[in-house]
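See below for the structure under consideration.
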């Protein structure tokens, strides 16, 4: 305990060597302890590093009534509990946001994919012969049946089928490309 009081006194006065010595002698065991609570090595290291950073920042006002080792472990313990509680709040909030978000709401990625698909469709339609592209649009975008298209364009149903086959083949080539 007398040794602890001397270490604290030196750190309060800004003794970097004493602070570094405390850090080196305590760091590994504090990280191991934090890992038992947090189960993530990187987070455990961050918690211990943050503790020592704060310790040095507030060294002039440092008041430790227990053993220095007990103080450090209790501080790590409290910081780990705070971290766990904070993560619970974050998870609850994320779950609430998912519940509140309408299922059909588009994400930016959905919008981007839709625009890319539209561009590919437009590109294929531009490359198709006029009648072939027109037949495809009448069927897929206007909802007309083959016999209705044949009647409107004064062509046979076989011509409509053939042109739709060509158009679909071109779309498959474009849309299956990676």
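The values are calculated or read from the model by the stated rules, or taken from the named source; none is laboratory data. Given the structure is predicted, the values throughout are model-derived calculations rather than measurements. As a convention, Cβ positions derive from the backbone with ideal geometry for all residues, glycine included, and neighbour counts pool all protein chains shown.
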In region 144-158, what count of residues is obtained for those that are surrounded by fewer than 17 Cβ atoms within 10 Å (Cβ to Cβ), more than 50 Å from the chain's Cα centre (by Cα) and assigned to a helix (DSSP H, G or I)? 6
Could you pull out the residue among 63, 88, 39 that is touching a helix residue (DSSP H, G or I) at 6+ places or on another chain (Cβ under 9 Å), exposed (fewer than 12 other Cβ atoms within 10 Å of the Cβ) and at pLDDT below 95? 63
Name the pairs whose Cβ atoms lie under 8 Å apart, with the first residue in region 65-93 and under 17 Å from residue 48 (Cβ atoms), the second outside any helix (DSSP H, G or I), and 6 or more positions between them or separate chains? 71/64; 74/66
